[in-house]
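Read through the structure below, which is laid out as structure tokens, and then see the notes.
Nothing in this text is a laboratory measurement; each read-out follows from the coordinates by a stated rule. Treat the numbers as computed from the prediction; the structure is a model and nothing was measured. Cβ atoms come from the backbone with ideal geometry, glycine included; neighbour counts cover every protein chain shown.
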Amino acid sequence: MAEDIKIDKLIPRKTPTRWHWWFIVSFLILSVMTWLFYLYPTRNIGPEQPIPFSHRVHAGVKQIDCRFCHAYVASGPRAGLPVMQKCFYCHQYVIPLHPEIQKERKFYQSNVGVPWVRVFYVPDHVQFNHQPHILWAGLDCTNCHGEVRKMDRLQSVQFEMNFCITCHKELNAQVDCWLACHH
């Protein structure tokens with residue numbers, strides 16, 4: 001007689017209710033949103049560049065000093081973009097067949113500069129010079145540009161006067177408009 005008892009009668013099966021479906025759909029949506037926010041590689045990124053350049057890889061993982069590529073940061077008013085020859089100092093040997101390196105090589109061989117998209121903006125009426133900030137104030141690039149060592153693509157920043165004034169006051173630096181920036 002014990003054999004006549006079926007398992008289905010001992011464990012009643014429930015059909016999913018609306019609540020169950022709502023929970024499952026909500027869980028899936030939340031999972032996808034979490035994945036997109038935390039794992040998707042393009043979150044919090046700046047403008048797309050003609051050749052994807054990762055500051056995270058170069059300055060972070062490879063620990064290349066900012067001044068290696070931006071050679072004029074301590075000696076002139078502008079940090080400057082590296083010449084392509086500097087890129088091929090390494091990429092002649094390091095992943096030279098990567099499609100993006102090949103793309104840059106075409107720019108280099110045709111003697112045409114890469115049309116980089118500008119990321120950091122200072123208004124035209126402001127005369128900003130990196131040199132005193134780096135040499136005299138001893139500031140690190142991250143003070144103004146953020147943790148570029150952690151960014152694949154730099155985030156656009158338009159520096160506004162309040163940003164500069166706040167920093168100048170904290171460092172007891174010149175805040176006279178005409179002497180400091182607007183000359």
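How high is the relative contact order of the stretch 115-179, given as a whole-number percent (alpha carbon pairs under 8 Å, six or more residues apart)?
Details: 26 pairs, mean separation 25.2, N = 65.
Here the relative contact order equals 39 percent.
In nm, what is the difference between 0.36 nm times the number of residues separating S54 and C177 and their Cα-Cα distance? Write out the running numbers ahead of the final one.
Numbers: separation 123, 0.36 × 123 = 44.28 nm, distance 3.59 nm.
My answer for the length gained is 40.7 nm.
What is the local net charge at F107, summed over the other residues whose Cβ is closer than 14 Å to its Cβ (Lys, Arg +1; Asp, Glu -1)?
Working: positive: K86, K103, R105, K106; negative: E100, E104.
Charge balance in the 14 Å sphere: +2.
Based on the inverse mean of 1/r over its pairs of different Cα atoms, what is the Kirkwood hydrodynamic radius of the stretch 55-180, in Å? Mind showing how you got there, number by number?
Values: mean 1/r = 0.0604 Å⁻¹.
About 16.6 Å for the stretch 55-180.
Collect residues whose amide H, placed 1.01 Å from N in the peptide plane, falls under 5 Å from the amide H of V157; neighbours closer than 5 in sequence don't count.
F120, Y121
If you plug each phi of the stretch 97-110 into the Karplus form 6.51 cos²θ - 1.76 cosθ + 1.60 with θ = phi - 60°, what whole-Hz ³J(HN,Hα) values come out, in order, with x for Gly and Pro?
9, 4, x, 6, 5, 4, 4, 5, 4, 5, 4, 5, 5, 8
If I take R0 = 30 Å and measure r between the Cβ atoms of V157 and H98 in this structure, what FRET efficiency does the formula 1/(1 + (r/R0)^6) give, to the nearest 0.05?
Details: r = 29 Å, r/R0 = 0.95.
The formula returns an efficiency of 0.55 here.
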